[in-house]
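Structure, as structure tokens:
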Amino acid sequence: MARIAETLTLRNTLAAGIVLMLLGDFMFALNDALGKWLVVTFSVGQILFVRSIGSFFVLAPMIARNGPGKLFSRERPVLQVLRAFITALETSLFYAAVVYLPLADVMSFYMAGPIYVAVLSHFFLGEHVGWRRWSAILVGFVGVLIILKPGSAGLGVGSLIALAGSLAFAILIVMTRMLRGVSDTSLVTWQTVASLIAGGIMAVRAWAPATALDIGAMLLLGVVACIAHLLITRALKLAPASMLAPLHYTLLLWAAVFGLIFFGDVPGPRTLVGAVIVVLAGLFIFHRQKVVDTVPPETVPKGVN
């Protein structure tokens, strides 16, 4: 009976992790759709500034509970500052990209994040990447090229911004891995402060009059994004990352749905084909990482990663 109860508890915990991950991704997609609606009227800097204030509605109680002193960590302070501003840059690039492209197109670029992370982890974290994952990385890059639509007409501004944003996102993930000893509250708080500063600087000459509804929507943007981050963080504590990571691709589905409902955007054939290639390559990378992480090193022949 004790073993059955333990098994049921484990299953319930894993199920809770899956539900929280799906809910977190849904809220991130909702945040992205709301952001795309706002950038039609307001500058990226103004949205980033007010959005950051909204995030503190969620962060303030957590900071008060843990104590402000917990926000300061001596672990690699320069890297912490750099990570905070990379976060502000990545968010700004995302909002700039959705000015030019449908949500699904922008999200397709971001789905290549795991592919970039695998490359960056090899060079900056010393993680070994074998020929199978290198092959998947190359296939993933082909998918990105298909979405980019290179040709005689040149690359679109929106595509280049989205590509830069997805690379910044991958760098952010690697930096976060390097700062595993720093609390989530500290990391999120300082990245929010950096976004507040960067948004304020960018908005100085691009501040547009806003109604109470507009300000409320921008504040809501910060609240939704912060809650989504916390949901995903909690999910990763309840279930293995290898189980939850593939669920992150539901962002692409929600981006297509919200883009169609709110903006009438329909992904083109090239975007769909490229997105499928990128997702399949990313899933294979997740699979190989899970195999390498679970099989004892002495039983894995050299170079099979």
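Phi angles across the range 133-142 convert, under the Karplus curve 6.51 cos²θ - 1.76 cosθ + 1.60 with θ = phi - 60°, into 3J(HN,Hα) values of 6, 4, 5, 5, 4, 5, 4, x, 5, 4 Hz, Gly and Pro given as x. Of the labelled figures (i) 1.03; (ii) 0.98; (iii) 0.95, only one reflects Rg/Rh (Cα atoms, Kirkwood Rh) as derived from the coordinates, namely (ii).
Multiplying the residue separation of residue 15 and residue 65 by 0.36 nm and subtracting their alpha-carbon distance yields 15.2 nm.
Would you grab the residues whose amide H sits under 5 Å from the one on residue 265? Only those 5+ places off in sequence or on another chain, please, with H modelled 1.01 Å from N. Residues meeting the criterion, in which the H sits 1.01 Å from N, are 260. The calculated FRET efficiency for the pair residue 145 and residue 283, based on their C-beta separation and a Förster distance of 22 Å, comes to about 0.70. In order along the range 88-97, the phi-based Karplus estimate (6.51 cos²θ - 1.76 cosθ + 1.60, θ = phi - 60°) of 3J(HN,Hα) comes to 4, 5, 4, 5, 4, 5, 5, 5, 5, 5 Hz; Gly and Pro are listed as x. Each Lys and Arg adds +1 at its Cβ and each Asp and Glu adds -1 at its Cβ; summed about the Cα centre, the range 11-299 shows a dipole of about 460 debye.
In this simple spin-label model, placing a label point 7 Å from the Cα along the Cα-to-Cβ direction at both residue 81 and residue 134 gives a separation of 3.8 nm. Working from label points 7 Å from Cα in the Cα-to-Cβ sense, the residue 176 to residue 100 distance is 2.6 nm.
Report summary: the helix-based calculation at 222 nm, which adds -39500 (n - 2.57) for every DSSP H run with n ≥ 4 and divides by the residues of the chain, gives -26500 deg cm²/dmol. The residue among 28, 272, 219 whose Cα reaches farthest toward the positive pole of the charge dipole of the chain, with charges on the beta-carbon of Lys, Arg, Asp and Glu, is 28.
Taken together, the values in this text are just the output of simple stated rules run on the coordinates, not laboratory data. Small disclaimer: the values here were computed from a predicted structure and weren't measured. Every residue, glycine as well, gets a Cβ built from its backbone with ideal geometry; the counts of neighbours run over all protein chains shown.
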